[in-house]
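The values are calculated or read from the model by the stated rules, or taken from the named source; none is laboratory data. Every value quoted in this text rests on a predicted model; they were computed, and no experiment measured them. Note that we place each Cβ from the backbone using ideal geometry, even for glycine, and neighbour counts take in every protein chain shown. Accessible surface is based on the protein model in full, side chains and every heavy atom, while ligands, DNA and RNA are left aside. Shrake-Rupley method; radii C 1.70, N 1.55, O 1.52, S 1.80 Å.
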Amino acid sequence: MRRSWGGQLLLYILDVFLMNLGFYVAFRVRFGAAIPVENLAPYLRLVPYLSLILLILFWLFGLYEGSWKRPLETLYSVGLSVVILNVLAMALTYFLRGFAFPRTVFFIAGFLQVVLLGVWRLIWQTVIDRAETTKTVAVIGANGDGLRVAEKLGSLTGRHYNVRAVHDAGGSEFPAQAVAEADIICINSSIPREERERLIATCLEWNKEVFLLPELYEILLHNANVERIDDLTVFRVEGLGLTRGQQLMKRLLDLGLAAVALVFALPLFPVLMVAVRFSSPGPIFYLQKRSGQNGKPFKLWKFRTMVQDAEKLTGPVLASENDPRITKVGRFLRASRLDELPQIFNVIKGDMSFVGPRPERPFFVEQFCETIPEYKFRLKVKPGITGLAQVQGKYDTDPADKLRYDLYYIRNYSPLLDLQIIFQTLRVVLTPEAARGTRGTIHVLQNNRGTMKA
């Protein structure tokens, strides 16, 4: 959902206006019609800072992205932003000696801001959603792989997609007909390269919108620099990984975040330790060998979420969403990500970072590297407690799709991206998994190579 420059500016202005309106109404509730100047003055000095902080927080939580969001996701993001804003505002009043700024105003304003900004954002999203027309999507895949993509598009809530699933491009004339009849063409990475080039050229010629699922090597080319060698245009692709400066900056950020995280996490440790201890027989903590940077093994710490000796009979097995080996307490810990808290000590030790690809066991790393050769590239950086795949993907996201997120993160690393992922992790932890919607529909098309059943 692409926004115009004017629409984006309107978002900024109304967000800032409603935030400050919440503070003003809170002052009126606290003091009545005549607000004492000595109480109002500290707030007026903070207005520029508070407005800037709100815009930064909304950006960190992804509220200025053009992608569609579920209503609960929007409300959680607004609520977390308002809570952090008011905590920072109280800290600013202390450092700027604004002691006449009543604390009751913060609590009243926080409630009003959640209501005002939450309702406004939902109205905005509803208006934009209703203004969109239903678009026909042609999903062009190969070897039956297009069905998976078609099902994902057809199940999206909040999108007006009429999805057509195409079985196989395979050099037939049928994809050309599908391109002509559709508004959006979704080209799967399973399509042979020459065929994809032909399809993209046809889409551009007919001015069609294209969704292209990239191959893994294409993500590695992202952000390549365009340079000139004499009269030749070349892409300069830098090595994958972080520079020494980036590694130092990331390490300092990790240590700072670890110190802050421990302040909030340590009081939870006794409660969680008791809960795990009485959930089922076995140790409180679970130490497991994982592959770190450059494949170097390390011991990962977690609160135990499964029964003791869960893999004694099966050997290494990836956990499923409704795995019977997971205890009741463990299911809660996994859903809330609280089982990951002990990994703060892995970060302090230097085995992990707060943000990065999730560490996997060597047994599975070997398997993934055999089936997906590009998987080894995710080992170029330290693994993380959270990552782009965790905030953008789902529990059951395909490993190859998660790898796309991991490689994109490595290629586009920046401290700001780390902060954005950390803040969005807070939202993911508090947002329940949304049920799949029913607004999209999938029509079945048949070509000379078979039929797709949706």
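General remarks:
- Karplus 3J(HN,Hα) series, Hz, for region 227-244 with 6.51 cos²θ - 1.76 cosθ + 1.60 (x for Gly, Pro): 10, 10, 10, 6, 9, 9, 8, 10, 9, 9, 9, 7, x, 7, x, 9, 6, 4
- Quick note on region 226-310: its Rg to Rh ratio, both from C-alpha atoms and Rh being the Kirkwood radius, is 1.25.
- The equivalent ellipsoid of region 327-434 has semi-axes of 21, 17, 15 Å, largest first, where each one is the square root of 5 times an eigenvalue of the Cα gyration tensor.
- The protection proxy used here, the mean number of other Cβ atoms lying within 10 Å of each residue, ranks peptides 381-387, 219-225, 76-82, 233-239 as follows, highest first: 381-387, 76-82, 219-225, 233-239.
- A full extension of the chain between F111 and K349 corresponds to an added length of 81.7 nm, given 0.36 nm per residue minus the alpha carbon distance.
- Hits among aspartates and glutamates - C-alpha to C-alpha of K349 under 20 Å, sequence gap 8 or more where chains match: D254, D339, E340, E360, D418
- Over all directions, the projected convex hull of the C-alpha atoms in the chain averages 27.4 nm² in area.
- Region 33-152: mean projected area of Cα convex hull, nm²: 10.6 nm²
- Model label sites at T371 and A131, defined 7 Å from Cα along the beta-carbon direction, differ in position by 4.4 nm.
- For the chain, with all protein chains in place and a probe radius of 1.4 Å, 63% of the accessible heavy-atom surface sits on carbon or sulfur.
- Check: the chain dipole with +1 on Lys, Arg Cβ and -1 on Asp, Glu Cβ, in debye: 1660 debye
- For G350, no residue has an amide H sitting under 5 Å from its own, ignoring neighbours fewer than 5 places away on the same chain, with H placed 1.01 Å from N.
- Given charges at Cβ of Lys, Arg, Asp, Glu: the chain dipole, positive-most of P42, L116, T134: P42
- The Kirkwood hydrodynamic radius of region 182-288, based on inverse pair distances between different Cα atoms, is 20.1 Å.
- Per-peptide packing, taken as the mean over residues of other Cβ atoms within 10 Å, places 401-411, 128-138, 263-273 in the sequence 401-411, 128-138, 263-273 from highest down.
- Cleavage-rule hits (chymotrypsin sites (Phe, Trp or Tyr not before Pro)) in region 87-124: DSSP loop, at most 13 neighbouring Cβ within 10 angstrom: F99
- Positive-end extreme of charge dipole, the chain - chosen from L253, L96, T243 (charges on Cβ): L96
- Cross-link pairs K296/K376; K250/K380; K135/K208; K328/K382; K152/K289 - those with Cα-Cα distance over 22 Å: K328/K382; K152/K289
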